[in-house]
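Single-structure report; data block below.
The values are calculated or read from the model by the stated rules, or taken from the named source; none is laboratory data. If you're wondering where the values come from, they're calculated on a predicted model, not measured in any experiment. Ideal geometry is used to build each Cβ from the backbone, glycine not excepted, and the neighbour counts take in all protein chains shown. What goes into the accessible areas is simple: the full protein's heavy atoms, side chains included, and nothing from ligands, DNA or RNA. Shrake-Rupley method; radii C 1.70, N 1.55, O 1.52, S 1.80 Å.
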Amino acid sequence: ETSTPSLAPLFVSNPKLLPYKFAPMEDVRITARDGLELVGYLTRAVEKGSGTSPLILLVHGGPWARDSWGFRAQCQWFANRGYATLQVNYRGSTGYGKTFLHKGDKQWGVGDMQHDLTDAVQWAIDEGIADKDNICIYGGSYGGYACLAGLTFTPDLYKCGVDIVGPSNIKTLLDSVPPYWAPLRNGMLKKIGDVDNDPEFNEKISPLFHVDKIKAPLLIGHGANDPRVKQAEADQIAFSMHEKGIPVEYVLYPDEGHGFARPENRIDFNGRVEQFLAKHLGGRAEEMVEVEGSTARFPLLEGSSNGDTSSE
């Protein structure tokens, strides 16, 4: 005799979170412009519920990685501050088979990988989730590149952008790869495209060469010791924007690498993100206070683009 199916909780991985109420993460399906189905995850703004709110398109890095369903502190932070968060596993993401993975080959920047992100935003607008005039593109590593590509190649779509350790010139990114990473570099060339021997292609997909198209304010965060995306990738686009009068804020942490590991620096940068988002999207933000122990420096204010961030 078959009993009635039921679900029972097995355990709680973090019981300290039980007293708090969190925004649920919804599993969504988005159809790209060519008919390809994309898996995404939506966390709505707490105060808006099912209504329209400012949207943060949170782009995962890799790009050969993926977002997954489940608790994510960053999405809860945004929801608490009044922003919906959309994560999408664009073509080229892992976890959906080789065919889906290789649909991202040679599709960086102006190709289908970026189109998937654009289509995801349009889906959120059409569904009444996103306020079309208040959308931020936010990401780290490849997600940072996608942020720069979004601001340059679809400049009317985004109100602002946050780029964390993202490359701005694919050729200089790959040229900085150390010799012992040669097999990785060769694989990246096959997936990205031959930027070594095709300078026109590199210029086509590298945001640095399209700075003049940027309309939206940008916040850049980078670690001076990043071995994968060198500081120069942030320097070159930040100073180019600054010289052209395009609004940009650039925060450099001398003791960080590919991402921010020290709690003091993470808190500091998150505080700056809150202020930036509140200014441009209109959400809530705590008062920004100096974080003891943070090593944040500001190359644009110090006038240094050569790695020397010391004040005169």
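What residue, among those in segment 25-44 that are in contact with a Lys or Arg (Cβ under 8 Å, 6 or more places away or on another chain) and in a loop (DSSP other than H, G, I, E, B), is most open to solvent (accessible area, probe 1.4 Å)?
Once the filter is applied, the top-ranked residue is L36.
How many of the residues in segment 56-84 are open to solvent by 50 Å² or more (accessible area, probe 1.4 Å) and within 25 Å of T99 (Cβ to Cβ)?
Total satisfying the criteria: 4.
S53 is checked against (1) exposed (fewer than 11 other Cβ atoms within 10 Å of the Cβ); (2) in contact (Cβ under 8 Å) with a residue 24 or more places away in the chain and fails just one. What number does that condition carry?
Just one mismatch for S53, condition (1).
Say whether the condition of being over 18 Å from V121 (Cβ atoms) and over 15 Å from the mean Cα position of the chain (by Cα) is met by at least one residue in segment 51-65.
The answer is no; no qualifying residue exists.
If only one of Q122, Q87, Q107, Q76 is modelled with pLDDT of 95 or more, touching a helix residue (DSSP H, G or I) at 6+ places or on another chain (Cβ under 9 Å) and not in a strand (DSSP E or B), which one is it?
Q107 is the lone residue from the list that is modelled with pLDDT of 95 or more, touching a helix residue (DSSP H, G or I) at 6+ places or on another chain (Cβ under 9 Å) and not in a strand (DSSP E or B).
Between residues in segment 250-266 that are free of Cβ contacts under 8 Å to residues at least 40 places away in the same chain and residues that are among the aromatic types (F, W, Y) and assigned to a loop (DSSP other than H, G, I, E, B), which pairs lie under 9 Å by C-beta distance while being six or more apart or on different chains?
R266/F260
Any idea how many residues of segment 177-234 are touching a Pro at 6+ places or on another chain (Cβ under 9 Å), of a type in the set (S, T, N, Q) and open to solvent by 30 Å² or more (accessible area, probe 1.4 Å)?
Total satisfying the criteria: 1.
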